[in-house]
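Working notes, structure below.
Values quoted throughout were computed directly from the atomic coordinates according to the rules given, and no laboratory measurement underlies them. Here the structure is a predicted model, which is why all the values come from computation and not from measurement. Cβ atoms come from the backbone with ideal geometry, glycine included; neighbour counts cover every protein chain shown.
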Amino acid sequence: MNTQNSETTVFNLSAQALNYELPDESVAKYPLPQRDQSKLLVWQDGLINDSKFRSLTDFLPAGSLLVFNNTKVIRARLLFQKETGANIEIFCLDPLEPADYQIAFQQTKTCSWNCMVGNLKKWKNEVLQKNLQLNGKEIAFKAEKLEQVDGAVQVKFSWDCAETDFASLIEAAGILPIPPYLHRETEESDLERYQTVYSKIKGSVAAPTAGLHFTEAIFSQLKSKQINCDEVTLHVGAGTFKPVKAESIGDHEMHAEQIIVRRGLIEQLMAHQGKLIAVGTTSIRTLESLYWLGVKLIRKPESQLNELDIEQWLPYKSEISVSKQESLQAILSYLEKHQLQTIGAHTKIIIVPGYQFRIVDGMITNFHQPQSTLLLLISAFIGDDWKRVYEHALKHNYRFLSYGDSNLYLKA
């Protein structure tokens, strides 16, 4: 691939090429009563089949490995009220101090987060306070505005109960965020249905929605067919809903998201001979970022962990002849040298037409918004055929977006 030409082509892609007409009645406002009753559109080398998600295993090649994102959605929306009566909404995006999600959730006195703030103009310099009842104790939960950096507001949280960690606090005080395009408030049913059944690691402000269709019955079917399953972690940020508004893709700035991958999965990826099918665009971003992380380590084996972040345009800026095995081996060598069981980084990778997939052979995903980076990713995998897929789905009454129906994309 001529890298200079491909980079120019990618940068000049028009955002309008990702547009399609999505009627509001095609957007699923609520999930179906049962997760695996969703429709399943199967695209396989250009052929389209209509099925049900409960029949997923009928279409998966024997010996496949499915990789899931095990992140858990946190109750990231916090509502405070000033003494004047003005409401201030603080939407936690990612931890600032400490910057590690797990450590931030374990804090028992104070922590700081990057946030989006609703009604920001009415929040001057006063410390906001919300009184909570938790485990029989009254807790004064406070929020202090620090400064605004790169469009986010840095907020310091503090509370007067050393026995309570931040995870418990926002679980009690916060609201689970659901996608803005649902145009409704969070309801009790969302607390269960806007989480995957395998969610474990707290940190996302949006669900990895391709996984919402999976049930214990589906996992039993996968096991019966000897299809292996494993997990990665990518904490989904609010930027996942950010549309491509720039005239060309090259002017769109991707958001950063934290990825965490276990050593055991990397070893499995190296040994695996069958198809690798990622469940959701977040799993795809994690796995493909993993390849580029290995490339960075090959170039600079002495890198520190804070030097491993994946830049948005890294895959398009230089000629790469590193194999998947070489990349993964570089990561394993790094983990061995530093006696680590996981590797983590932040990724801004953007996957657009012209991208060469290095690890992923197939994907399970939902139907995405017009002019979204998620639709860009689908276009990168199946080309302009995405238009035919989406036209078919709209014509056959598929349900779109987070609570909608599912797709399986496979190549020979």
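A compact table of results
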| item | result |
| --- | --- |
| The chain: DSSP helices with Cα axial extent of at least 20 Å and average Kyte-Doolittle hydropathy no lower than -1.0 | 281-299, 324-338 |
| Relative contact order (%) - the range 75-175, alpha-carbon pairs under 8 angstrom, separation at least six | 31 percent |
| Karplus 3J(HN,Hα) series, Hz, for the range 89-97 with 6.51 cos²θ - 1.76 cosθ + 1.60 (x for Gly, Pro) | 9, 10, 10, 6, 9, 7, x, 10, 8 |
| Fewest-first sequence of Ser168, Ser321, Ser220 by Cβ atoms within 10 Å of each Cβ | Ser321, Ser220, Ser168 |
| Interchain or long-range residues, amide H under 5 Å from Ser248's placed H | Ala15 |
| For the range 119-237, the fraction of alpha-carbon pairs in successive 5 Å shells from zero, as % | 2, 8, 14, 15, 16, 17, 12, 7, 4, 3, 2, 0 |
| Modelled FRET efficiency - R0 30 Å, Lys121 with Ser303, Cβ distances, 0.05 increments | 0.10 |
| Longest exposed-site-free window of the chain, the sites being GluC sites (Glu not before Pro) in a DSSP loop that have at most 16 other C-beta atoms within 10 Å | 320-412 |
| Cα-derived Rg over Rh, computed across the range 1-133 with Rh taken as Kirkwood radius | 1.10 |
| For the range 75-175: rounded, prolate or oblate by the Cα gyration tensor [a/c cutoff 1.5] | oblate |
| Order of Cys229, Cys161, Cys111 - criterion: other Cβ atoms within 10 Å of each residue's Cβ, fewest first | Cys229, Cys161, Cys111 |
| Cut-off under 5 Å, modelled amide H: who pairs with Leu96 long-range | Ser112, Trp113, Asn114 |
| Phi-based couplings in Hz for the range 401-411 (Karplus 6.51, -1.76, 1.60; Gly and Pro marked x) | 6, 3, 9, x, 7, 10, 10, 10, 10, 10, 10 |
| Gyration tensor (alpha-carbon) shape descriptor, the range 343-412, a/c threshold 1.5 | prolate |
| For the range 282-330: rounded, prolate or oblate by the Cα gyration tensor [a/c cutoff 1.5] | rounded |
| Pairwise centroid distance, computed over Cα atoms, of the range 158-223 with the range 36-85, Å | 13 Å |
| Cut-off under 5 Å, modelled amide H: who pairs with Ile310 long-range | His346, Thr347, Lys348 |
| Orientation-averaged projected area, Cα convex hull of the chain (nm²) | 21.0 nm² |
| Burial ordering of Ile298, Ile170, fewest other beta-carbon atoms within 10 Å first | Ile298, Ile170 |
| Sequence-separation-based contact order of the chain, relative, with Cα cut under 8 Å and 6+ spacing, percent | 24 percent |
| The range 340-412 - percent relative contact order, Cα under 8 Å, separation 6 or more | 42 percent |
| Expected 222 nm ellipticity per residue - DSSP helices of 4 or more, -39500 (n - 2.57), all of the chain, to 500 | -7500 deg cm²/dmol |
| Per-residue HN-Hα couplings for the range 64-70 [Karplus 6.51, -1.76, 1.60; θ = phi - 60°; Hz; x = Gly/Pro] | 6, 10, 9, 10, 10, 9, 8 |
| Under 21 Å from Lys156, Cα to Cα: lysines that are on another chain or at least 8 residues apart | Lys82, Lys109, Lys121, Lys122, Lys124, Lys130, Lys142, Lys145, Lys202 |
